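First up is the structure itself, then whatever we jot down about it.
The values are calculated or read from the model by the stated rules, or taken from the named source; none is laboratory data. Computed from a prediction, not measured in an experiment: that's the story for all the values here. Here the Cβ positions follow ideal geometry from the backbone for every residue, glycine too, while neighbour counts run over all protein chains shown. With ligands, DNA and RNA removed, areas are computed over all heavy atoms of the protein, side chains included. Shrake-Rupley method; radii C 1.70, N 1.55, O 1.52, S 1.80 Å.
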Amino acid sequence: MGRLQSRLVPPVRLDDNSVGKDGVELKKDPPKFKLKLPKWLLGLLVLGLLAGGGYLAYTQVTTAQRQEARRRIQTVNVERANLPISISANGTVQPERSVNVSPKNSGVLKELLVKEGDRVNTGQILAYMDNSNSQGQLTQAKAQLASAQANLDKLLAGNRPQEIAQAQAQLASAQANLNKLLTGNRPQEIAQAQAQLVSAQANLNKLLTGNRPQEIAQAQAQLVSAQANLNKLLAGNRPQEIAQAQAQLVSAQANLRQTELIFNQNQQLYRAGAISRREVDSSRTSYDTAKAQVEQAKQALNLQQSGTRPEEIAQARAQVEQAKQALNLQQSGTRPEEITQARAQVEQAKQALELQRLGARPEEIAQARAQVMTAEGAMQTVQAQLNDTVIRAPFSGIVTRKFADPGSFVTPTTSGSSVSSATSSSILALASTNQIVAKVAETSIPKIKVGLSVTIEADAYPGQSFQGKVVQVATQSTVEQNVTNFEVKMSLDDPKNLLQVGMNVNVTFNVGTLENALVVPTIAIVRQEQGTGVYLVGQGENRRPRFTPITTGITVDGKTVVVSGVEEGDKVTISFPTGERPASRTPSLIPGMGPQGPGGGGGGGGRRRGGG
């Protein structure tokens with residue numbers, strides 16, 4: 001019923017200022033306008049609104065990031081600095097000198113005085129070789145030298161007066177003999193020869209036939225004696241002489257028996273004490289004398305029984321013949337060939353006397369001097385061989401290896417050879433003070449001079465450095481893997497001997513100082529198609545970096561010298577926001593700088609920190 005009633009009540013229209021029943025002012029609702037849109041258009045509108053809002057937000061964020069990135073770009077000023085120029089290289093520790101010590105001549109090692117690790121000085125004796133053969137040769141050479149020297153002294157001193165007098169006497173004797181041959185024999189000599197012949201003939205006749213009749217009357221007794229002597233020589237001794245000798249033998253034997261009996265009796269009496277020792281000795285002497293007389297009588301009897309020997313008759317015949325020949329020679333005179341021989345002997349004696357007076361010829365003295373020099377050379381050779389048996393250190397150093405013991409047979413070998421055939425026959429290996437050997441690129445060689453100081457570092461001693469100086473720069477290059485290097489040798493100041501042979505070291509050559517040079521950080525350098533350059537910071541609000549080509553010099557410790565292109569005080573960029581770093585487009589052609597990757601300025605190539 002209520003619902004029906006409400007339908008019947010007419011609607012009340014209120015104005016804007018109408019008041020309600022309860023006195024409450026009532027407002028009139030505006031009239032509703034309903035616009036109906038398609039759903040697809042409504043979605044398109046929503047997407048447009050979203051896209052516009054996103055773009056607006058992206059723009060605001062990007063602008064903020066760019067402003068922040070510009071604030072983060074790092075820059076440095078182009079400045080002037082004093083740069084120490086140095087060149088680095090790799091090297092090794094090597095001995096200045098290294099040899100295999102061996103003898104000059106093959107032989108047996110007699111004594112070794114050092115061991116491995118010993119430090120030796122120049123000339124110090126290291127070992128002795130067996131020198132027994134050389135000692136004998138030295139004695140012989142000394143004797144030959146003394147003989148040659150004596151001969152030379154004799155020639156230089158000339159002949160003695162006695163030698164000249166002797167030559168004069170020989171000449172006089174030869175001259176007298178020649179005169180004798182030229183004048184013939186004197187009558188007295190012929191008469192003497194005739195007398196000798198008559199005497200010899202008479203003696204022969206006496207032996208053969210006895211004396212002449214005219215001599216019998218004058219010397220009958222001598223004839224009997226001579227005949228008896230001849231008969232004795234021809235027929236032997238007479239029976240009476242033999243009987244006489246036999247009688248003398250019988251008498252001697254009887255005397256011997258008597259003295260023997262007395263001697264035996266005296267011995268018995270001596271034993272009994274009746275006589276003295278002296279009387280016994282006297283009887284012994286008489287007994288021995290009797291024995292000798294018996295022996296003598298026996299020999300005389302034998303001689304009487306044997307008669308004259310045939311050789312005695314032959315000797316008498318020879319004497320007669322010799323006397324005849326002597327007489328004939330005296331009567332015939334001197335032969336021509338004897339005179340010629342005598343003349344030659346006189347001339348020879350004259351020449352000998354003249355030589356004695358003149359003394360030695362210059363050629364003989366020169367020859368004698370040459371013989372002395374030859375003997376001296378032979379002795380010096382042997383003396384050198386003897387000295388070579390004493391092995392001395394050729395230089396100061398350390399004994400690094402020992403190859404032989406006393407008693408080993410060693411031979412001469414190549415000094416620096418390391419092959420087994422060479423070291424096995426050596427005595428020991430000797431190495432001198434260590435040095436540093438490094439290979440330096442050809443572009444750096446002009447800056448390296450003898451006497452240049454260097455700093456040496458070894459991986460075996462981190463944090464510790466050694467000093468040295470350049471002592472030699474090779475004049476001939478070496479090419480390894482198409483890289484040209486020069487070998488540089490340096491002295492090493494290492495009093496504690498910390499660095500050992502074969503160690504690898506890093507060498508820094510202190511070339512000098514480049515004063516008041518215009519430099520930029522090496523990392524600021526980039527390569528573009530326009531060339532090598534840097535990015536300078538612009539002016540104004542944009543301040544966007546711009547690429548500026550430059551000409552570079554050397555690079556030292558991260559700084560590169562700028563020859564032209566920028567001025568002191570200019571600001572160059574050394575960093576860019578991510579993605580904004582300009583990329584290098586060409587390889588590096590600057591000495592001392594290697595090629596860089598994208599966006600990179602480069603430092604020095606290899607280990608080099610300086611140099612042109």
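For the stretch 550-574, a residue qualifies if it is charged (D, E, K, R) and assigned to a loop (DSSP other than H, G, I, E, B), and the qualifying residues are Asp557, Glu567, Glu568, Asp570. For the stretch 507-516, a residue qualifies if it is on the phi < 0 side of the Ramachandran plot and at pLDDT below 90, and the qualifying residues are Asn510, Val511, Thr513, Leu514, Glu515. Name the residues in the stretch 403-428 that are at pLDDT below 90 and not in a loop (DSSP other than H, G, I, E, B), would you? Passing the criteria: Ser420, Ser421, Ala422, Thr423.
Consider Gly123 carefully, then state whether it is surrounded by fewer than 16 Cβ atoms within 10 Å (Cβ to Cβ) and either in contact with a helix residue (DSSP H, G or I) (Cβ under 6 Å, 6 or more places away or on another chain) or not β-branched (Val, Ile, Thr) (or both). Criteria met by Gly123.
Within the stretch 143-151, is there a residue that is modelled with pLDDT under 80 and closer than 30 Å to Arg369 by Cβ? No, that holds for no residue. Just to be sure, is Lys489 open to solvent by 90 Å² or more (accessible area, probe 1.4 Å) and either of a type in the set (Phe, Trp, Tyr) or assigned to a strand (DSSP E or B) (or both)? Against the criterion (open to solvent by 90 Å² or more (accessible area, probe 1.4 Å) and either of a type in the set (Phe, Trp, Tyr) or assigned to a strand (DSSP E or B) (or both)), Lys489 does not qualify.
Conditions (1) without any contact (Cβ under 8 Å) to a residue 40 or more places away in the chain; (2) surrounded by 12 or more Cβ atoms within 10 Å (Cβ to Cβ); (3) out of contact with any Ser or Thr (no Cβ under 6 Å at 6 or more places or on another chain); (4) assigned to a helix (DSSP H, G or I), marked per residue:
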| position | (1), (2), (3), (4) |
| --- | --- |
| Asn133 | yes, yes, yes, yes |
| Ala141 | no, yes, yes, yes |
| Gln149 | no, yes, yes, yes |
| Leu156 | no, yes, yes, yes |
| Gln162 | yes, no, yes, yes |
| Ala165 | yes, yes, yes, yes |
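Residues satisfying the criterion are present in the stretch 501-524 (criterion: hydroxyl-bearing (Ser, Thr, Tyr), touching a residue at least 60 places away in the same chain (Cβ under 8 Å) and assigned to a strand (DSSP E or B)). Of all residues in the stretch 261-308, those satisfying the criterion of being open to solvent by 50 Å² or more (accessible area, probe 1.4 Å), assigned to a loop (DSSP other than H, G, I, E, B) and in contact with a helix residue (DSSP H, G or I) (Cβ under 9 Å, 6 or more places away or on another chain) are Ala274, Ser276.
Return yes or no: is Ala172 surrounded by 12 or more Cβ atoms within 10 Å (Cβ to Cβ) and modelled with pLDDT of 75 or more? Considered against the rule, which asks whether it is surrounded by 12 or more Cβ atoms within 10 Å (Cβ to Cβ) and modelled with pLDDT of 75 or more, Ala172 comes out as yes.
In summary, strands (runs of 3 or more DSSP E) completely within the stretch 53-117 and bearing 2 or more residues that are farther than 28 Å from Asn497 by Cβ, modelled with pLDDT under 90 and among the hydrophobic types (A, V, I, L, M, F, W, C) occur at 79-95. Testing Ala366 on (1) open to solvent by less than 40 Å² (accessible area, probe 1.4 Å); (2) over 17 Å from Glu116 (Cα atoms); (3) among the hydrophobic types (A, V, I, L, M, F, W, C), one condition comes back false. Which one is that? Only one criterion is unmet by Ala366, namely (1). The residue list Val562, Val556 contains one member that is of a type outside the set (Lys, Arg), within 58 Å of the chain's Cα centre (by Cα) and modelled with pLDDT of 90 or more, which is Val562.
Just so you know, in the stretch 447-474 the residues that are outside any loop (DSSP other than H, G, I, E, B), crowded, with 19+ Cβ neighbours inside 10 Å and of a type in the set (Val, Ile, Thr) include one that is nearest to the chain's Cα centre (by Cα), and it is Val470.
Checked against the criterion of being within 18 Å of Ile87 (Cβ to Cβ), among the small types (Gly, Ala, Ser) and surrounded by fewer than 16 Cβ atoms within 10 Å (Cβ to Cβ), the candidates Ser444, Ser477 yield just one match: Ser477. State whether one or more residues within the stretch 460-477 are farther than 29 Å from Thr400 by Cβ and not aromatic (Phe, Trp, Tyr). The answer is yes, given that some residue of the stretch 460-477 is farther than 29 Å from Thr400 by Cβ and not aromatic (Phe, Trp, Tyr).
How many residues does the stretch 386-405 hold that are closer than 28 Å to Gln140 by Cα and surrounded by fewer than 18 Cβ atoms within 10 Å (Cβ to Cβ)? Total meeting the criteria: 5.
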